[in-house]
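Worksheet: one structure, shown below.
The values are calculated or read from the model by the stated rules, or taken from the named source; none is laboratory data. Everything numeric here is computed off the predicted structure, so don't read it as measured data. Note that we place each Cβ from the backbone using ideal geometry, even for glycine, and neighbour counts take in every protein chain shown. Please note that ligands, DNA and RNA were not included when accessible areas were found on the heavy atoms of the full protein model with its side chains. Shrake-Rupley method; radii C 1.70, N 1.55, O 1.52, S 1.80 Å.
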Amino acid sequence: MAVMTLHARPAMKSAEQIVKEDLDFIVRQAGDEFARLSGHDILIAGGAGFLGYYLVQAPLHWNRVNAGLPPIRVTVLDNFIRGVPAWLTALEGDTNLRLLTHDITNPLPAALGDMKFLIHGASIASPIYYRKYPIETMDANVNGLRFMLEYCLTQKKRGKPVEAVLFYSSSEIYGDPTPENIPTPETYRGNVSCTGPRACYDESKRYGETLCVNFARQHALPVKVARPFNNYGPGLKITDGRVIPDFARNILDGKDIVMLSDGSAKRTFCYVADAVAGYYKVLVKGRPGEAYNVGVEVPEISVTELAARAVALGRELFGYAGQVVRQESADKDYMVDNPYRRCPIITKARTDLGFDPQVTIDEGLKRSLLWYAGNREASEA
Ligand SMILES: NC(=O)c1ccc[n+]([C@@H]2O[C@H](COP(=O)([O-])OP(=O)(O)OC[C@H]3O[C@@H](n4cnc5c(N)ncnc54)[C@H](O)[C@@H]3O)[C@@H](O)[C@H]2O)c1
């Protein structure tokens, strides 16, 4: 099929509209939590990445919406290994935003100052990349987390205690759950290889959780853990190698959608605006030393079905005429230890934190495709 560049039909929403609506939504969904952050400093480690896109923009948006209240001051710490993303550069004039170039595998910089809230999301998260950089992935989740927790301990001893720390674990800590453990509650202990190609990620997240639990218990630190289940949407680079941006790239290039597996693996996909509201809830309201699933329970769909939905939306939005084709991945480890099904039970976050995801898969995919239509430049990253 010939390569061409597709554009959204004129009546469709722009990427900017999508982002503005999403930020309004997050600020509404986590209104109490942002009010709690008002007047404080928050550190977002890994803030230049996918989840950082809304994690960073949402509090700054809250500041604009609540101009009369003390602002939330945001510090983004990242090694910016792929450069400072354009969206962060565009925010540089915001006096409530500070960027720190730092590798989390070293002690936190003295210039950091007194943070009240901290988020650790600095880790390679895409399977394609963490299999390429396994040691760096482990170091970020284990040593990097340790340095952050040591900072919190020091702050406590200095009489400047932090209010909350959030560690990003992953649904991958469950590995490939046995059928009776799907959908999966937080109490499931997992079925994980400690030596397979994904182990650098899964096991370092597991050890990270153990660190969190023990710092919470032994030092009474307010450390909380989120276990994200397949987030997608604005901010996720089109080159990231995860399935939805791959499909979006094929659609926008007017090429067939290439499926590198047999398409039978099943997932639930959580739109990032829902997820980010959930993460702020875990940070502020989560119980110290506890983990929360953050995702959606339905629909659990196969990758084949996801591709079919993407094709249908591509047709509706851009007049896409491609189809789904199968191809073997050149990467022999592409599917090794890949969980066959992944689907959470989110009762704990729903009941204890008021987490209430709203965005359907079709709406989320549509919003993502429209965002990608306005953000293709990431394909050069
Ligand atoms: N997106 C998801 O669906 C998902 C699912 C499960 C877990 N998570 C976890 O959430 C967190 C954020 O995920 P994401 O999707 O935004 O990932 P991402 O790869 O898009 O972003 C991670 C950011 O961390 C930075 N980083 C990596 N190593 C670093 C280091 N040593 N020092 C400083 N900065 C470093 C990168 O430069 C990048 O900006 C990660 O911990 C990830 O493991 C995400």
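Observations on the structure shown:
- Split the accessible area of the chain by element, probe 1.4 Å, and carbon with sulfur accounts for 53%.
- Partner lysines for Lys281 [C-alpha distance under 30 Å; skip if fewer than 8 residues away on the same chain]: Lys13, Lys20, Lys116, Lys156, Lys157, Lys160, Lys205, Lys224, Lys237, Lys266, Lys348, Lys366
- Rounded accessible area per residue of the chain, 1.4 Å, Å²: 41
- Enclosed volume per residue, in Å³, of the convex hull spanned by Cα atoms of the chain: 129
- Nearest-10 value in Å² for the accessible area of Leu69, using the 1.4 Å probe: 90
- Pairs of C-alpha atoms in the range 22-174 farther apart than 26 Å represent 26 percent of all such pairs.
- Of the GluC sites (Glu not before Pro) found in the range 60-160, those that fall in a DSSP loop while having at most 11 other beta-carbon atoms within 10 Å are Glu92.
- A Cβ-based charge dipole, computed about the Cα centre of the chain with Lys and Arg at +1 and Asp and Glu at -1, lands at about 620 debye.
- In the chain, the DSSP beta bridges split such that about 5 percent are antiparallel, to the nearest 5.
- Over the chain: helical MRE at 222 nm, DSSP H runs n ≥ 4 each giving -39500 (n - 2.57), nearest 500: -12000 deg cm²/dmol
- Positive minus negative residues near Gln323 (Lys, Arg vs Asp, Glu; Cβ under 13 Å): +2
- Centre-to-centre, using Cα atoms only, the range 67-87 and the range 156-188 are separated by 24 Å.
- Here's how it looks for Leu97: its modeled amide H is under 5 Å from those of Val74, which are all 5 or more places away or on a different chain.
- Residue-by-residue Karplus 3J(HN,Hα) for the range 124-130, coefficients 6.51, -1.76, 1.60, Hz, glycine and proline x: 6, 10, 8, x, 4, 7, 6
- Stokes-Einstein D (µm²/s) once Rh is taken as the Kirkwood radius of the range 147-238 over alpha-carbon pairs, at 37 °C in 0.692 mPa s: 219
- Whole-percent pair-distance distribution, where bins are 10 Å wide, for the alpha carbons of the range 302-379: 13, 30, 35, 19, 2
- Other-chain or far-sequence residues with amide H under 5 Å of Lys266's (modelled H): Arg341, Arg342
- From the largest down, the range 95-201 spans 47, 31, 27 angstrom on the principal axes of its Cα atoms.
- Using θ = phi - 60° in the Karplus curve 6.51 cos²θ - 1.76 cosθ + 1.60, the 3J(HN,Hα) couplings for the range 152-160 round to 5, 5, 4, 4, 5, 5, 7, x, 10 Hz; x is entered for Gly and Pro.
- On Cα atoms only, tilt of 272-285 relative to the major axis of the chain in degrees: 20
- Sites Arg189 and Leu260 - FRET efficiency at Förster radius 45 Å, r taken between beta-carbons, to 0.05: 0.90
- A cut-off under 12 angstrom between Cβ atoms defines the neighbours of Asp114, and their net charge, with Lys, Arg +1 and Asp, Glu -1, is +3.
- In order along the range 312-319, the phi-based Karplus estimate (6.51 cos²θ - 1.76 cosθ + 1.60, θ = phi - 60°) of 3J(HN,Hα) comes to 4, 5, x, 4, 5, 7, 10, x Hz; Gly and Pro are listed as x.
- In this structure, the amide hydrogen of Tyr292, modeled 1.01 Å from its nitrogen in the peptide plane, lies closer than 5 angstrom to those of Val225, Ala226, Arg227, counting only residues at least 5 positions away or on a different chain.
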